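Below you'll find the structure, written out as structure tokens, and then a few comments.
The values are calculated or read from the model by the stated rules, or taken from the named source; none is laboratory data. Computed from a prediction, not measured in an experiment: that's the story for all the values here. For neighbour counting, all protein chains shown are included, and Cβ atoms are generated from backbone atoms with ideal geometry for every residue, glycine included. Surface accessibility is based on the protein's heavy atoms, side chains included, excluding ligands, DNA and RNA. Shrake-Rupley method; radii C 1.70, N 1.55, O 1.52, S 1.80 Å.
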Amino acid sequence: PKGEIFLLVECKEPNVAMQVLSSTAVIPIIMLFSFGSVINQLASEGLPNRLVGVVFVVGMFIAYMSCNQTSFVANLISLDRENYDFIRTLPFSRKAYLKEKFRIGFLIQVIMTVGTIVVASIFLKLSPLLLVAGILGAVLGSFVMSTIYFARDYRLLLTNWTSINQLFQRGGGTILMGIFIMVGMFVGALVVAGYAFATFTLPFMPLTPVVIGSLLLICGAILYFYKRRFWDRLE
């Protein structure tokens with residue numbers, strides 16, 4: 001059965017899988033410690049519910065930072081190694097198999113990201129509204145980023161690797177990833193700070209609906225692109 005085959009393939013490299021999983025958790029942990037002083041300051045001042053849109057954006061930003069080329073979902077297909085070729089010979093849809101793998105990878109990614117939101121919300125003493133907004137942003141961001149990196153793993157598929165670093169070095173290597181993270185943190189911090197400032201200086205309506213609506217349209221366009229260029233082209 002498909003489920004048994006999936007588990008067999010995934011359990012073949014348990015040590016490597018655990019190494020990739022630990023890499024997935026590194027960025028959220030670093031972010032929590034890096035912004036610890038900011039979190040403490042915000043916790044003492046409290047966050048009003050009018051920042052619901054900002055917290056939603058922060059959830060998406062954390063998902064954006066958490067999912068990268070070292071993430072579990074970004075290497076999930078290549079972890080099959082030569083078994084992927086065997087899977088392709090079996091009498092069931094490769095598309096169905098990859099969708100099953102994607103669900104597992106996305107679930108792990110979203111647990112990591114939402115966990116970061118929940119931990120931060122405890123220190124910040126967020127209201128239920130803000131907590132839900134952060135979780136929704138994290139889930140949406142995780143789904144988009146997981147789709148992007150899962151498709152990237154398929155495009156840069158490597159099944160004859162001997163070291164996990166070979167997977168991490170695909171598509172530009174760790175230097176490009178470091179640049180990606182630093183630029184992402186800088187731009188993300190500017191966007192969040194600018195949006196927070198606008199929230200306190202401009203009317204809540206229509207600012208927040210316009211910002212959230214624009215983000216939903218962008219995410220929808222990205223997902224539609226990958227549906228047409230990736231999922232629909234699978235056998």
Is it the case that some residue within region 133-148 is more than 22 Å from residue 230 (Cβ to Cβ) and surrounded by fewer than 15 Cβ atoms within 10 Å (Cβ to Cβ)?
-> no
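Can you say whether residue 194 is free of Cβ contacts under 8 Å to residues at least 60 places away in the same chain and of a type outside the set (Val, Ile, Thr), as far as the supplied structure shows?
Working: free of Cβ contacts under 8 Å to residues at least 60 places away in the same chain: yes; of a type outside the set (Val, Ile, Thr): yes.
So residue 194 fits the description; yes.
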Can you find a residue in region 139-157 that is closer than 22 Å to residue 79 by Cα, free of Cβ contacts under 8 Å to residues at least 60 places away in the same chain and assigned to a helix (DSSP H, G or I)?
-> yes
Being open to solvent by 60 Å² or more (accessible area, probe 1.4 Å) and modelled with pLDDT of 75 or more is the filter; apply it to region 82-99 and report the residue that is nearest to residue 159 (Cα to Cα).
-> 82
List pairs: first in region 111-135 and within 17 Å of residue 48 (Cβ to Cβ), second polar (S, T, N, Q) and open to solvent by less than 20 Å² (accessible area, probe 1.4 Å), Cβ under 7 Å, 6+ apart or cross-chain?
-> 131/121; 134/121
Check residue 230 against each of (1) surrounded by 12 or more Cβ atoms within 10 Å (Cβ to Cβ); (2) farther than 26 Å from residue 93 by Cα and name the one condition it does not meet.
-> (2)
Could you please find all residues in region 195-230 being under 14 Å from residue 148 (Cα atoms) and assigned to a helix (DSSP H, G or I)?
-> 218, 219, 220, 221, 222, 223, 224, 225, 226, 227, 228, 229
